[in-house]
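Undergrad: Before we start, here is the structure in question, set down as structure tokens.
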Amino acid sequence: QKEVEQNSGPLSVPEGAIASLNCTYSDRGSQSFFWYRQYSGKSPELIMFIYSNGDKEDGRFTAQLNKASQYVSLLIRDSQPSDSATYLCAVRYNNNDMRFGAGTRLTVKP
Amino acid sequence: DTGVSQNPRHKITKRGQNVTFRCDPISEHNRLYWYRQTLGQGPEFLTYFQNEAQLEKSRLLSDRFSAERPKGSFSTLEIQRTEQGDSAMYLCASSQTGGKYEQYFGPGTRLTVT
């Protein structure tokens with residue numbers, strides 16, 4: 001069974017803090033890893049993807065991948081109230097099957 | 001630059017009726033995906049096309065669901081004899097081949113079955 005697990009939250013951080021979102025996956029054959037942001041009532045928006053072990057930075061966002069531990073995380077630096085949303089972790093397998101976690105709801109308090 | 005578009009954005013139908021949704025992918029993308037999302041859950045994969053070929057279908061996709069992509073451009077998802085459990089957001093995404101398979105989502109069609 002290919003599972004993607006996320007803490008549902010809510011995760012609450014003060015404005016300007018670092019938000020840390022975590023995701024684990026069950027299948028070692030996983031190829032690619034994605035983070036989507038979803039505002040209430042809207043569709044998912046791709047914000048980061050990572051394929052190799054280590055860190056990948058894009059502006060205030062850093063994705064971290066550890067394939068040995070089957071763990072991927074997203075760090076949001078200098079969190080803003082506009083970052084308040086649900087963050088979905090997605091894992092792609094080699095047959096193009098992409099599985100999503102249930103998402104972590106983040107609230108950034110002014 | 002246009003993204004993925006979906007129509008209609010909202011659909012209310014009575015149980016037992018048939019509904020059809022349309023998705024227009026990003027123009028250079030030859031892969032198209034359909035997902036279903038219910039409240040508090042992540043999107044669940046339904047089916048996937050590469051050009052006009054439907055390459056994969058989830059076990060979630062019962063016989064009442066059918067999808068087409070006749071000319072490898074837009075796609076339609078039809079649900080026959082709708083049930084209240086079909087109420088959900090239906091999302092379409094597209095991606096390129098030869099890249100890293102990043103999928104970009106449309107705005108979704110919210111279906112309510114009464």
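The values are calculated or read from the model by the stated rules, or taken from the named source; none is laboratory data. Remember, it's a predicted structure, so these values are computed and weren't measured experimentally. Cβ placement follows ideal geometry from the backbone for every residue including glycine, while neighbour counts extend to all protein chains displayed. Accessible surface is based on the protein model in full, side chains and every heavy atom, while ligands, DNA and RNA are left aside. Shrake-Rupley method; radii C 1.70, N 1.55, O 1.52, S 1.80 Å.
Undergrad: What value in Å³ per residue do you get for the convex hull of the alpha-carbon atoms in the protein assembly as shown?
TA: Dividing the Cα hull volume of the protein assembly as shown by its residue count gives 126 Å³.
Undergrad: Another one. Could you please report the charge total around residue A:74, scoring K, R as +1 and D, E as -1 over all other residues with beta-carbon less than 15 angstrom from its beta-carbon?
TA: For residues surrounding residue A:74, the net value is -2.
Undergrad: If you don't mind, another one. Within chain B, which is the longest segment that contains none of the trypsin sites (Lys or Arg not before Pro) sitting in a DSSP loop with at most 14 other Cβ atoms within 10 Å?
TA: It runs B:16-58.
Undergrad: Given the options A:43, A:32, A:12, which has the most mean-square fluctuation in a GNM of chain A, springs set between C-alpha atoms less than 10 angstrom apart?
TA: Between A:43, A:32, A:12, it is A:43 that shows the largest mean-square fluctuation.
Undergrad: Through the Karplus equation 6.51 cos²θ - 1.76 cosθ + 1.60, θ set to phi - 60°, convert the phi angles of the stretch B:57-71 into ³J(HN,Hα) values in whole Hz; use x for Gly and Pro.
TA: Per residue, the Karplus-derived 3J(HN,Hα) values read 9, 6, 5, 5, 7, 6, 5, 7, 9, 9, 10, 9, 8, x, 10 Hz.
Undergrad: Mind checking which of A:10, A:82, A:20 is farthest towards the positive end of chain A's charge dipole, using Cβ charges of +1 (Lys, Arg) and -1 (Asp, Glu) about the Cα centre?
TA: A:10
Undergrad: Ignoring ligands, DNA and RNA, what percent of the accessible area of the protein assembly as shown is carbon or sulfur (1.4 Å)?
TA: 44
Undergrad: Do any residues of the stretch B:31-46 lose at least 50 Å² of accessible area when the full set of protein chains is present rather than just their chain alone, and if so which, with a 1.4 Å probe?
TA: Going by heavy-atom accessible area, the residues of the stretch B:31-46 that drop by at least 50 Å² are B:43.
Undergrad: Between the chain alone and the structure with every protein chain in place, find the residues of the stretch B:68-114 that drop at least 30 Å² of accessible area; heavy atoms, 1.4 Å probe.
TA: B:100, B:101, B:102, B:103, B:105
Undergrad: Each residue of the stretch B:78-86 in turn: what ³J(HN,Hα) in whole Hz from Karplus with 6.51, -1.76, 1.60 and θ = phi - 60°, glycine and Pro shown as x?
TA: For the stretch B:78-86, the Karplus curve yields 10, 10, 9, 6, 4, 10, 4, x, 7 Hz.
Undergrad: Please list the three semi-axes, largest first and in whole Å, of the ellipsoid equivalent to the stretch B:1-75, using sqrt of 5 times the eigenvalues of its alpha carbon gyration tensor.
TA: 21, 15, 14
Undergrad: Residues of chain B: accessible area per residue at 1.4 Å, in Å²?
TA: 51
Undergrad: For the pair A and B, how large is the buried accessible area, both sides, in square angstrom to the nearest 100, if the probe is 1.4 Å?
TA: Summed over both sides, the interface buries about 1600 Å².
Undergrad: Across the protein assembly as shown, how many lysine pairs separated by 8 or more positions, or lying on different chains, have Cα atoms within less than 30 Å?
TA: Lysine pair count for the protein assembly as shown: 23.
Undergrad: If I take the Cα coordinates of chain A and project them onto the principal axes, what are the three extents in Å, biggest first?
TA: 42, 29, 19
Undergrad: Which whole-number percentage describes the relative contact order of chain A, with Cα contacts under 8 Å and a sequence gap of 6 or more?
TA: Rounded, it is 38 percent for chain A.
Undergrad: Keeping all protein chains in place, calculate the accessible area per residue for chain A (probe 1.4 angstrom), answer in Å².
TA: 46
Undergrad: To the nearest whole percent, what portion of all C-alpha pairs in the stretch B:28-71 is separated by more than 14 angstrom?
TA: Every Cα pair in the stretch B:28-71 considered, those over 14 Å come to 50 percent.
Undergrad: Short version: which residues of the stretch A:65-110 lose at least 20 Å² of accessible area, all chains versus chain alone, 1.4 Å probe?
TA: Checking the loss per residue gives A:92, A:95, A:96, A:97, A:98, A:100, A:102.
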